[in-house]
Amino acid sequence: MAEITDEDRERVKLLQLITSSKHEFKKLTLEQLKRLQELVEKKDYSHDKKAHKSKVKLLARINVRIYELTEGKGIWN
């Protein structure tokens, strides 16, 4: 069985923050979002098609939120 690393713990902690409420995602700082993006990108989910699809969707949401924080609100808000 694989050992749980500090990065795994950090990734899970950040994921728990954004899954506890749909508005929690907007409360993360830019640094937290960038760190979460980095940690999620590192994790390999290629063995599980559903998990990989969720990873791609999450990364897209993170990218949108990072864009909103760096460039101002999106054109839809």
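What the table shows:
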{"quantity": "Residue tally, condition free of Cβ contacts under 8 Å to residues at least 24 places away in the same chain and not aromatic (Phe, Trp, Tyr), over region 16-46", "calculated": "17"}
{"quantity": "Region 65-75 - residue that is without any contact (Cβ under 8 Å) to a residue 40 or more places away in the chain and surrounded by 12 or more Cβ atoms within 10 Å (Cβ to Cβ) and, of those, nearest to ARG9 (Cα to Cα)", "calculated": "ILE66"}
{"quantity": "Looking only at region 1-55, and only at residues there that are among the β-branched types (Val, Ile, Thr) and modelled with pLDDT under 85, the one that is surrounded by the most Cβ atoms within 10 Å (Cβ to Cβ)", "calculated": "ILE18"}
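The values are calculated or read from the model by the stated rules, or taken from the named source; none is laboratory data. Keep in mind that what you see is a predicted model, and the values were worked out from it rather than measured. Note that we place each Cβ from the backbone using ideal geometry, even for glycine, and neighbour counts take in every protein chain shown.
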